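Peer 1: Here's a structure for you.
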Amino acid sequence: MPGCSGNATACPEDGEVEVGSLQSLWLLLCTFLVVSMQLGFAMLEVGGVREAHRMTVLAKNVMDSVVTCLAFALATRFWNLTLVQDAHGAESYESLLSNW
């Protein structure tokens, strides 16, 4: 790796970098799918109510998403949750969800 300056113990192996990148990509893909499902459900719910109540239903869905994101952010910050582990099964602290 170019920035390792000859120190082999501090340099990640190429396979570790690829696995970390793939895990982050998978997490982002799953996040995109969940947000897409939330948007789809909002459109389904709006289609089932009268026109006068559409903005209320959309506001409820936005607030649902905001509260969920804040709860997830607080939970990952205070409980140090991570979805990414290194090759030895230990938590990868540079990939903590609260660092995103």
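Peer 1: Let me spell it out: the conditions are (1) modelled with pLDDT of 65 or more; (2) outside any helix (DSSP H, G or I); (3) open to solvent by less than 100 Å² (accessible area, probe 1.4 Å), and His88 meets all of them except one. Which number is the exception?
Peer 2: That leaves (3) as the condition not met.
Peer 1: Something else: Determine the pairs where a residue that is under 15 Å from Gly40 (Cα atoms), located within segment 50-65, has a partner that is open to solvent by 90 Å² or more (accessible area, probe 1.4 Å) with Cβ atoms under 9 Å apart, the partner being 6 or more residues away or on another chain.
Peer 2: Final answer for the pair search is Asn61/Leu39; Asn61/Phe41.
Peer 1: Scan segment 8-15 and give yes if some residue there is modelled with pLDDT under 75, among the small types (Gly, Ala, Ser), assigned to a loop (DSSP other than H, G, I, E, B) and open to solvent by 60 Å² or more (accessible area, probe 1.4 Å), otherwise no.
Peer 2: Filtering segment 8-15 for residues modelled with pLDDT under 75 gives 8-15.
Narrowing the set further to residues that are among the small types (Gly, Ala, Ser) leaves 8, 10, 15.
So of that shortlist, the ones also assigned to a loop (DSSP other than H, G, I, E, B) come out as 8, 10.
Within this subset, residues satisfying the condition of being open to solvent by 60 Å² or more (accessible area, probe 1.4 Å) are 8, 10.
Yes, that holds for at least one residue.
Peer 1: Name the residues in segment 46-61 that are within 22 Å of Phe72 (Cβ to Cβ) and open to solvent by less than 50 Å² (accessible area, probe 1.4 Å), would you?
Peer 2: Filtering segment 46-61 for residues within 22 Å of Phe72 (Cβ to Cβ) gives 58-61.
Once the filter is applied, which keeps residues that are within 22 Å of Phe72 (Cβ to Cβ) and open to solvent by less than 50 Å² (accessible area, probe 1.4 Å), segment 46-61 yields only Asn61.
The values are calculated or read from the model by the stated rules, or taken from the named source; none is laboratory data. Given the structure is predicted, the values throughout are model-derived calculations rather than measurements. Methodologically, a virtual Cβ is constructed for each residue, glycine included, from the backbone with ideal geometry; neighbour enumeration extends over all protein chains shown. When the accessible area is computed, the model is the full protein with side chains, heavy atoms only, and any ligands, DNA or RNA have been set aside. Shrake-Rupley method; radii C 1.70, N 1.55, O 1.52, S 1.80 Å.
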